[in-house]
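> Just dropping this structure here.
Coordinate-derived values only; no laboratory data. All values derive from a computational prediction rather than experimental measurement. For neighbour counting, all protein chains shown are included, and Cβ atoms are generated from backbone atoms with ideal geometry for every residue, glycine included.
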Amino acid sequence: MSAMPTKTAMTVPLLDLKAQYAVLRAEIDEAVKRVMESTTFIGGPEVKGLEEEIARYSQTKHAVACASGTDALLLAMWALGLGPGDEVVTSTYSFFASAGTIANNGATPVFIDIDPRTYNMDPHRLEAAITPRTKAVVAVSLYGQCCDIPAIQAICQKHKIWLIEDAAQSIGSEWEGKRSGSMTDYGCFSFFPSKNLGAAGDGGMITAQNPELADRVRLLREHGAKPKYYHSVVGTNSRLDAIQAAILRVKLRHLDRWSEARARNAALYDRLFEGARVGRPYHDPRTRHIYNQYVIRLPKRDELRAHLSERGIGTEVYYPVPLHLQQCFATLGYTPGTMPESEGAANETLALPIYPELTEEQIRYVASTVQEFAAH
Ligand SMILES: Cc1ncc(COP(=O)(O)O)c(C=O)c1O
């Protein structure tokens, strides 16, 4: 019998930025027009305004805008003087930039495994990875849930090493009331369009409590020039466009409402998956989870993904290959089986649609389609 094409009851994309723009159109169009009419396209009041607003939002004294989340990490490590011969410890289960930026600074990434419940760095594994060459830790707050910064911080302080939070996915997340980006030497944010606070292109921000550390990254992002045309160090051009800043300032006003809607959607999925043969995301009660992603777990992940795709449901695998097994890091000598929690997560996790504009009907449709598969 030939397979009948599946009739989809509805379509649920992984993310629907058109739905967001439909609501914000007047505000965003006005912000873009404001910049066009001002003709201040680089720097200026929009960028400064966004820096102040993000600093306030993230409970930090300073925020420095830059061209992307990747550049935020690059600049932070550059400003700390990390380079050849230095080791930087990070989680092997993350987006590539967490480790690529270590290598691009000339330092060596040292990978450790995750806590399988949160998918964040397991602080219990950190100390064993520290050597006399270790200069910093990049702690990733994955999927929108702040990692255990106090535990990681205590180890970094003991060994006198820097701590950078890769907060690309966790703006507004908290650890016991303290915001992501506020507890470490540097916090690095991304405004990639799919983030909870996403630009209409690339963008990033570096937060710091220490004014001297903030000045260092500010200098590096402008070719090391202060004042203009007087270069005390060699830096680069990594600036945020004023149009992006203006758009982000509009969206920042809606961010808490969106993050709460994401958390409500997650709570509904959690209820609907109760008793189902699907691993639900773990919410550490010490955190405010902003659900940049809602990630479920089950052994037949790839089959489930195909099943959902046939029924009009968008999903994504974050991330299919842990960083220690990436081809570009083969020379570091890691082998399969050495980071079992991350390798297991890479094989079994799947991100479902969680964006704020999802309707209850869509969530119920996604959940029942997952359950229908998981029941077999
Ligand atoms: C954990 C993590 N780190 C770093 C980045 C890099 O940010 P960007 O894409 O803005 O360069 C991203 C996002 O893309 C990310 O998810």
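> Using the Karplus curve 6.51 cos²θ - 1.76 cosθ + 1.60 with θ = phi - 60°, what ³J(HN,Hα) values do you get for each residue of the stretch 371-376, in whole Hz, with x for Gly and Pro?
So the J values, rounded to whole Hz, are 5, 4, 6, 5, 5, 8.
> Moving to a separate point now. Could you size up the charge dipole of the stretch 78-171 around its Cα centre, putting +1 on the beta carbon of Lys and Arg and -1 on that of Asp and Glu, and report it in debye to the nearest 20?
Numbers: 6 positive and 9 negative charges, 41 e Å.
About 200 debye.
> Which is farthest toward the positive dipole end of the stretch 205-279 among M205, Q244, S232, measuring Cα position about the Cα centre, with Cβ charges +1 (Lys, Arg) and -1 (Asp, Glu)?
Checked the options; the winner is Q244.
> Sequence gap at least 6, Cα distance under 8 Å: using those rules, report the relative contact order of the chain to the nearest whole percent. Display every interim value, and only then the final one.
Numbers: 768 pairs, mean separation 84.5, N = 376.
Computed value for the chain: 22 percent relative contact order.
> By its C-alpha gyration tensor, with a ≥ b ≥ c as the square roots of the eigenvalues, how is the chain shaped: rounded for a/c under 1.5, else prolate for a/b larger than b/c, else oblate? All intermediate terms of the calculation are to be shown ahead of the outcome.
Values: a/c = 1.98, a/b = 1.24, b/c = 1.59.
Since a/c reaches 1.5 but b/c is at least a/b, the shape of the chain is classed as oblate.
> Remind me, relative contact order of the stretch 157-242 in percent, using alpha carbon pairs under 8 angstrom and six or more residues apart? Working shown, then result.
Working: 138 pairs, mean separation 15.6, N = 86.
Relative contact order for the stretch 157-242 comes out at 18 percent.
> What whole-number distance in Å separates the alpha-carbon centres of the stretch 250-269 and the stretch 137-194?
Result: 20 Å between the Cα centres.
> As a test of the formula, what do you get for the chain when each DSSP H run with n ≥ 4 contributes -39,500 (n - 2.57) and the sum is divided by the residue count, at 222 nm and rounded to the nearest 500 deg cm²/dmol? Could you put the intermediate results ahead of the total?
Numbers: 12 runs with 143 residues, N = 376.
Calculated at 222 nm, the ellipticity per residue is -12000 deg cm²/dmol.
> Give me the distance between the Cα centres of the stretch 305-355 and the stretch 33-85, rounded to whole Å.
30 Å
> Normalised by the residues of the stretch 97-252, what does the relative contact order come to in percent, with Cα pairs under 8 Å and at least six apart?
13 percent
> What shape does the stretch 92-208 take by its C-alpha gyration tensor, where a ≥ b ≥ c are the square roots of the eigenvalues and a/c under 1.5 counts as rounded, a/b above b/c as prolate, and the rest as oblate?
Values: a/c = 1.66, a/b = 1.37, b/c = 1.21.
Note, shape of the stretch 92-208 comes out prolate.
> Specify whether the C-alpha gyration tensor of the stretch 248-376 places it in the rounded, prolate or oblate class, a ≥ b ≥ c being the square roots of the eigenvalues: rounded for a/c under 1.5, otherwise prolate if a/b is larger than b/c and oblate if not.
Values: a/c = 1.97, a/b = 1.30, b/c = 1.52.
Oblate, because a/c is 1.5 or more while a/b does not exceed b/c.
> May I pose another question? Whose amide H sits under 5 Å from the amide H of Y294, counting only residues 5 or more places off or on another chain, with H placed in the peptide plane?
Under 5 Å from the amide H of Y294: L352.
> Quick one: putting +1 on the C-beta of Lys and Arg, -1 on the C-beta of Asp and Glu, what dipole do you get for the stretch 115-226 around its Cα centre, in Debye to the nearest 20? Could you put the intermediate results ahead of the total?
On the way: 13 positive and 13 negative charges, 57 e Å.
Charge dipole, the stretch 115-226, about its Cα centre: 280 debye, nearest 20.
> What is the Rg over Rh value, at two decimals, for the stretch 251-291, using alpha-carbon atoms and the Kirkwood definition of Rh?
On the way: Rg = 12.0 Å, Rh = 11.4 Å.
Expressed as Rg/Rh, it is 1.05.
> Among T118, T331, T134, whose mean-square fluctuation peaks in a Gaussian network model of the chain (Cα, cutoff 10 Å)?
Most flexible of the set in this elastic network: T331.
> Moving on. Loop only per DSSP, at most 15 neighbouring Cβ atoms within 10 Å: give me the GluC sites (Glu not before Pro) in the stretch 123-178, ordered by residue number. All intermediate terms of the calculation are to be shown ahead of the outcome.
On the way: sites: E127, E165, E174, E176; in loops: E176.
In loop regions of the stretch 123-178 (DSSP not H, G, I, E or B), the sparsely surrounded GluC sites (Glu not before Pro) are E176.
> Next question. Given A367, Q327, P13, which one lies farthest toward the positive end of the charge dipole of the chain, if we put +1 on the Cβ of every Lys and Arg and -1 on the Cβ of every Asp and Glu?
So the residue furthest toward the plus end is P13.
> Please compare each pair in K61/K158; K48/K228; K33/K61 to a cut-off of 27 Å on the Cα-Cα distance and tell me which ones are over it.
K33/K61
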